[in-house]
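Accompanying notes for the structure given below.
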Amino acid sequence: MNTEEKTWGTELNPGGLSHDKKHNRRRRILIIIGVLLIVIISEFFRSNLYISVEEIDYLNKDIPKAFNNVKIVQISDYHNHGGSYDDRLIDKIKQESPDYIFITGDIADSIKTDIDKANSFLQRISAVAECYLVWGNHDHRLAAEDLNKMRSCCKKYGITVLENEFTTLTREGQSILLVGSDAAPDTGKGPELMRTLPSGEKFVMWLHHFPEDFEKIVTESEKRGSKVDLLFCGHAHGGLIGVPFVGGLYAPGQGMFPKYTSGRYNIDDSTMLVSRGVGNSGWSLRWANSFHLVVCTLKSGQT
Ligand SMILES: [Fe+2]
């Protein structure tokens, strides 16, 4: 009886089933849109709050034995973040128990400048490990007075600032050359640094804000009889928007679909590690691209 009623109902009103179909299709579309919105919004919050840690073992037979298993935490593009975020960031850095902290530029932000936040962060990380720093484009765009305040803070808390110069890291009588530049090899004070680079060093690490200068640093240092074994950079902010299966969308200095945004890159025997940064510049935000601490452990390959 019920079957007959249903059959009659369908035959008498064929549009009734079509209406149900339309309703169901609309419901499915709304569910899909809802799920997509939830994914997009949660990924937005994850990218702008979560700090991911990338552990990288870097093996090179030229690393002196005394530096075997030495751990370096790289911090880049902090952009005077501040607030309770700093506690989480510093806790993550402390958990790694680094031997050295390398800071590769943009500690301060030149759009939403807050030197007190930048200096407070510098003071706090200086207590965690020996720190070495180069400036980024945002730091250089600050008023001279503000940049000098950060220089003074670094001096006060024992952070070594490398302004187109080099220093030596020493452990148990063995040493590594550490170069720090804020100018490309062919601009500003870059050529002067290249001229003064010592040649014949066994192992050379380098701090530089701009990853797009990788090729130039490799070729120009080779011309001077020097080299770069391990280069640390930032600046690209991971390409801001992560494009699935492609990488970052845009980076200053590299344009659309940038080549160097995150992790490890090689040219011949030179390696570059790029941090996606631990802050955002100005009002910019990121998506599918979380904050990024690079933790590099040196492996000398010698027993
Ligand atoms: Fe930056």
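The values are calculated or read from the model by the stated rules, or taken from the named source; none is laboratory data. As the structure is a prediction and not an experimental result, all values here were calculated from the model. Here the Cβ positions follow ideal geometry from the backbone for every residue, glycine too, while neighbour counts run over all protein chains shown.
Do we have Gly238 as within 30 Å of Arg88 (Cα to Cα) and within 14 Å of the ligand (Cβ to nearest atom) here? Can you show your working first?
Details: within 30 Å of Arg88 (Cα to Cα): yes; within 14 Å of the ligand (Cβ to nearest atom): yes.
Answer is yes for this residue.
Any residue at all in segment 280-292 that is modelled with pLDDT of 95 or more, in the same structural domain as Pro98 (by TED's automatic domain parsing), away from the ligand (no atom under 14 Å from the Cβ) and not small (Gly, Ala, Ser)?
no
Quick test for you: out of Gly253, Gly200, pick the one residue that is within 16 Å of the ligand (Cβ to nearest atom) and surrounded by fewer than 21 Cβ atoms within 10 Å (Cβ to Cβ).
Details: Gly200 fails: within 16 Å of the ligand (Cβ to nearest atom).
Answer to the selection: Gly253.
Do you know which of the residues in segment 179-226 that are within 27 Å of His79 (Cα to Cα) and hydroxyl-bearing (Ser, Thr, Tyr) is nearest to the chain's Cα centre (by Cα)?
The first filter runs over segment 179-226 and keeps only residues within 27 Å of His79 (Cα to Cα), leaving 179-190, 193, 205-217.
Now drop any that are not hydroxyl-bearing (Ser, Thr, Tyr), which leaves 181, 187.
Numbers: Ser181: 17, Thr187: 24 Å.
Looking at residues that are within 27 Å of His79 (Cα to Cα) and hydroxyl-bearing (Ser, Thr, Tyr), I get Ser181.
Looking at Thr271, is it at pLDDT 95 or above, assigned to a loop (DSSP other than H, G, I, E, B) and under 30 Å from Asp62 (Cβ atoms)? Walk me through it before giving the result.
Details: at pLDDT 95 or above: yes; assigned to a loop (DSSP other than H, G, I, E, B): no; under 30 Å from Asp62 (Cβ atoms): yes.
No; evaluated as a whole, the condition is false for this residue.
Take segment 123-137 and flag every residue that is more than 16 Å from the ligand (Cβ to nearest atom) and of a type outside the set (S, T, N, Q).
In the first step, residues of segment 123-137 are kept if they are more than 16 Å from the ligand (Cβ to nearest atom); the result is 123-132.
Within segment 123-137, Arg124, Ile125, Ala127, Val128, Ala129, Glu130, Cys131, Tyr132 meet the criteria.
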